[in-house]
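Working notes, beginning with the structure itself.
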Amino acid sequence: MGRRYDPDRRQRIIDAAIRVVGDRGIDGLSHRSVAAEADVPLGSTTYHFATLDDLLVAALRKVCLEPQTVLDDWRRHLGREGPLADRLAGLLDEVMAGDRSRIRVEYELYLAALRREALQPVAAEWLDSAVGILSGYTADPATARALIALMDGLLLQLLLTGRPFDRAEAREALARVIGCRTA
């Protein structure tokens, strides 16, 4: 029997890896678990991704860097009228009002870069892209980095505690960073 042509198999494997991470976390990811989720032979996962790090890089790239991701939402929110703190608080509000599993997967993959060196360039690329976008609306790149750090911290705290998002509180914290100036 000849090989079946399946041009979408690699993408299905990446999508399955994202679902596995969402359901079971990074520790639940294996070539075997992804093959089962994607309904492909185990050999297909190792053919397309020799290592789990290769698969994680592809998954992180998809959730953070491909079109229609959080960076597109940033551009949309930042292009609106009003104070920057209001626009960023609105962005966070929208993120937390939606399906939290998606943002949970994004952070799980993003934070996996702390221990998986192969993921670090993709995580850095996402961070640099976010700073690049936000720098167009701040006094300098340092302020953009501080805002991103604050937003990451707020989102992680909300994900960890399950607390509801307080838009006014987030807006106040963001405004403080935007308004801070050192001598």
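Specify the residue that is most open to solvent (accessible area, probe 1.4 Å); the eligible residues are those in region 155-167 that are assigned to a helix (DSSP H, G or I) and touching a residue at least 12 places away in the same chain (Cβ under 8 Å).
Filtering first and then ranking leaves 167.
What about residue 113, is it under 14 Å from the mean Cα position of the chain (by Cα), within 24 Å of residue 161 (Cβ to Cβ) and among the small types (Gly, Ala, Ser)?
For residue 113, the condition - under 14 Å from the mean Cα position of the chain (by Cα), within 24 Å of residue 161 (Cβ to Cβ) and among the small types (Gly, Ala, Ser) - is met.
In region 124-154, which residues are within 27 Å of residue 52 (Cα to Cα), in contact with a Leu (Cβ under 7 Å, 6 or more places away or on another chain) and open to solvent by less than 50 Å² (accessible area, probe 1.4 Å)?
126, 129, 130
Scanning region 173-183 for residues that are more than 24 Å from residue 110 (Cα to Cα) and in contact (Cβ under 8 Å) with a residue 60 or more places away in the chain, which turns out surrounded by the fewest Cβ atoms within 10 Å (Cβ to Cβ)?
175
I'd like to know if region 37-58 contains one or more residues that are buried (at least 18 other Cβ atoms within 10 Å of the Cβ), touching a helix residue (DSSP H, G or I) at 6+ places or on another chain (Cβ under 6 Å), touching a residue at least 12 places away in the same chain (Cβ under 8 Å) and within 28 Å of residue 163 (Cα to Cα).
no
Looking for something of a type in the set (Lys, Arg) and farther than 24 Å from residue 29 by Cα - is there at least one such residue anywhere in region 129-149?
Looking through region 129-149, at least one residue is of a type in the set (Lys, Arg) and farther than 24 Å from residue 29 by Cα.
Can you report the number of residues in region 99-123 which are part of a loop (DSSP other than H, G, I, E, B), open to solvent by 50 Å² or more (accessible area, probe 1.4 Å) and free of Cβ contacts under 8 Å to residues at least 60 places away in the same chain?
Matching residues across region 99-123 total 3.
The values are calculated or read from the model by the stated rules, or taken from the named source; none is laboratory data. Note that the structure is predicted; figures quoted are calculated from it, not measured. Here Cβ is always computed from backbone atoms with ideal geometry, including for glycine, and neighbour counts include all displayed protein chains. Just so you know, the surface numbers come from the protein's heavy atoms only, side chains and all, with ligands and any DNA or RNA stripped out. Shrake-Rupley method; radii C 1.70, N 1.55, O 1.52, S 1.80 Å.
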